[in-house]
Amino acid sequence: MQRFGKQSVFWKWIVSYISVVLVMVVFNLISYARNWEIMKDRQNQMNLQVLQQMSERIYDNVLQLEKIRERILTNSNYAFLCRASKSQYKSLAYRRYVLWRDVRNYQAVSGTCSKIIIHFEEGDYLISSDNVCDSRRYFMAYQKELGLSWEEWQELLNTEYPVLYMKKTSTEDGQGIVYARTIQTGQTGYQRINALFVYTAEDVKKMLASHQGEDVYSAALRGKNGEVVLLDLGEFLTEEADQALAEEAIRQKETIITLSNKEELKFIYEESMLAGICLLSPENVYLESIRKSQQMFVVTFAITIISSMALIILYARRNYKPLQELLDVLGPEEWVSVQYKNEFAMVRDKVSMVQNENKNVNLTLRRQNRLFRTEYFAKLLTGNMVKLPENQVEEFYDIRFISDIFSVMLFFVENYEEERQEGMELDRAQFILGNIYHEILSGFSCKVYQTCISDLMVLIVNIPEEKEDKKGILDQAVKEGSEFINQHFNMGYSVCISNIHEGRGELAVAYQEALQAMECKRLYGLDDMMYYSDIIELPSTGYYYPLEVEQEFIRCIQEGNYEAAKAVYQHVIEENVNGRMISSQDRLRCLMFDLLGTILKTLNDKKDNDEFGKEMKPAKRLAACQGFSQMKETFEDILYKTCGYLNSKSGTEDKDSLCKQIYEYIKKSYFDPNLSVTSIAEHFSLPPVMMSKMFRESMGEKIPVVVSEIRLEAAKKLMCQSDASLGEIAEKVGFGSVRTFTRIFKQVENCTPGQWRDHHFS
């Protein structure tokens, strides 16, 4: 710093920092001049926004009530009850129950009101979201929650409301609202039916909870007749006289009143669908917040100026310190021998050296970028890639497509396990395939990119537009590659090729075509090279599943004969796959779901099968399968469990026999600590819940209780016949730990194992 004097970077930094601070000071002073007016305008806008939010919320609430009314009108049970006479009520108990359940669901779904009450004039009874009874019983039960007198309650029920009516209520918890609406007028052949929507103080609070700052605002609702339906009092309205003044001002739509403490209270009023909404705010409160903000601004401004100057000097020294250290590293002879303008000029030559080194680093990074590019292609092919601009893709991943013509080649190493035994790993085999085909296709002026997905190696082939026979290029490449690999490597592989597509957005489609070709090749054992177009050319007749075969399949399932049912199922698969040569994956999936439908239809013919269906979830399991092979495995498992289930349901004797088998299995396996309902169910191929229910009904005890009893008897014999410790005995009989053994023993015998042993051997 001494060497360069006033030209030093240090002093230039000081001047620059001060300039920045001065610019900020000027702009802050300008903004301060208009700060007062702006904040007042924002306060008024905020009041209007708060009022608008509450108005919209009330409007949305009214719309929600109308939707509930429409749902009630369209309810089939309601339509039947509204025409019923009083003499029919007892016979219509189930319909009233169903309507009560529906009303309860309407209330739960809406989430706006606490109760929904439907009053039927004929018979004077109610169906609400929480009860079904006559109006007097309901009033006696919920009088405190309703906040109405008996006379008000009767008037509310027996009045006709052509439009939505709002009434104020008062409970111990605060003020509430009841909305009333006539659903059905008392015209000829019908009775009058009213719907009441009860809002507690908490419900109304939520309805008006769109504003913030409870110390600044208070909200009120004004009815169409001028009454104050609800007054959400703020902390500034604590005196009863002030509350009375506020309510009177709301009725008269006054804009300002003077409270007992001489403070002025401002009103903002707006009409809504059912009620006017009023927003109350003490003028001194929000103006004081503005004044405090301005005071804070002045204090902050002064502190900022002082601290900024201190920080300028501090950070200038701190920022200059690394530069000074750099100069010390270079050595005094470096900047004394040459006359530099400042410190940066001196290190400029060193920066040039760093740039040359960066070029070498970039070359290395470009080589590493190949890995990122491989991952990008994998996501692009599977359709999981977020679309990026082409220039970003080319720059970041170093991808340069030569045209919009693409095809996807899929390679699968067939004898991978044998190759691995000979020392050739999968990645090495894929590396060899990729390099060979990359070089061959490059000879045809194609651009090739390689990636791996699972155990498949994928080549994205970008074909020049000027090439006429594009499919011929792929044929020739596969031919040359196959000849070369057969001559130099002991490697068996399959290659499946998609159709030729235009546009990089079609790469995911091309990949799926190659996958389908690979699946078809594996299914039918076709040639090692297969095009997607070959699949299309295969016969496309409808699948084989005649009515007589389905009936035979149903019979075998009903009998619980798994082997016979499996033979029918395999016959259908064999006829479609090998007989009719069906290659369409969609058609094969339809066949499997058709077969599953037969199973479900057979189950629907039986009673008490809902529990089994919910536990096994056959349709969901089959839909989640990937590929036809996985679907067959899943279907066979579903078929096996279904036959086992139907066997268990075939009769009382069979049930008892099966339960005895389960009991004998427990006696033979009680010493296994992992013995449980689930493991037993898996052994007998039964659903755990169904098996437990069947065993309890047949044997009179639950499976865990039986297991514990057998283990305790075995433990008693060991305690009588040997001197083994309680820990050893617990482990031998399957309890797993002494604590579990002691707890269960004490529950049954009312004493510990040690006490029992002492008693019997004392």
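The values are calculated or read from the model by the stated rules, or taken from the named source; none is laboratory data. This one's a predicted model, so the numbers in the text were calculated from it and none came from an experiment. Positions of Cβ are generated from backbone atoms using ideal geometry, with glycine treated the same way; all protein chains shown enter the neighbour counts.
A few comments on the model shown:
- For the residues 733, 738, 748, the requirement of being among the β-branched types (Val, Ile, Thr) and either free of Cβ contacts under 8 Å to residues at least 24 places away in the same chain or assigned by TED's automatic domain parsing to the domain that holds residue 641 (or both) singles out 738.
- Residue match in region 129-146 (condition: over 29 Å from residue 88 (Cα atoms), surrounded by fewer than 19 Cβ atoms within 10 Å (Cβ to Cβ) and of a type in the set (Gly, Ala, Ser)): no
- Helices (runs of 4 or more DSSP H) contained entirely in region 228-345, each with at least 2 residues that are modelled with pLDDT of 70 or more: 240-252, 283-330
- Number of positions in region 472-504 that are without any contact (Cβ under 8 Å) to a residue 40 or more places away in the chain, surrounded by fewer than 16 Cβ atoms within 10 Å (Cβ to Cβ) and not polar (S, T, N, Q): 5
- Of all residues making up region 102-120, the number that are closer than 16 Å to residue 79 by Cβ and out of contact with any Cys (no Cβ under 9 Å at 6 or more places or on another chain): 4
- Filter result for the condition that a residue is within 15 Å of residue 748 (Cβ to Cβ), more than 47 Å from the chain's Cα centre (by Cα) and surrounded by 13 or more Cβ atoms within 10 Å (Cβ to Cβ), over 724, 714: 714
- Looking across region 101-113, the residues that are buried (at least 17 other Cβ atoms within 10 Å of the Cβ) and in a loop (DSSP other than H, G, I, E, B) come down to 112, 113.
- Candidate set from region 190-208 (those that are of a type in the set (A, V, I, L, M) and within 16 Å of residue 78 (Cβ to Cβ)); member that is farthest from the chain's Cα centre (by Cα): 193
- Hits in region 463-514 - residues which are part of a helix (DSSP H, G or I), closer than 23 Å to residue 427 by Cα and not small (Gly, Ala, Ser): 478, 479, 480, 483, 484, 485, 486, 487, 488, 511, 512
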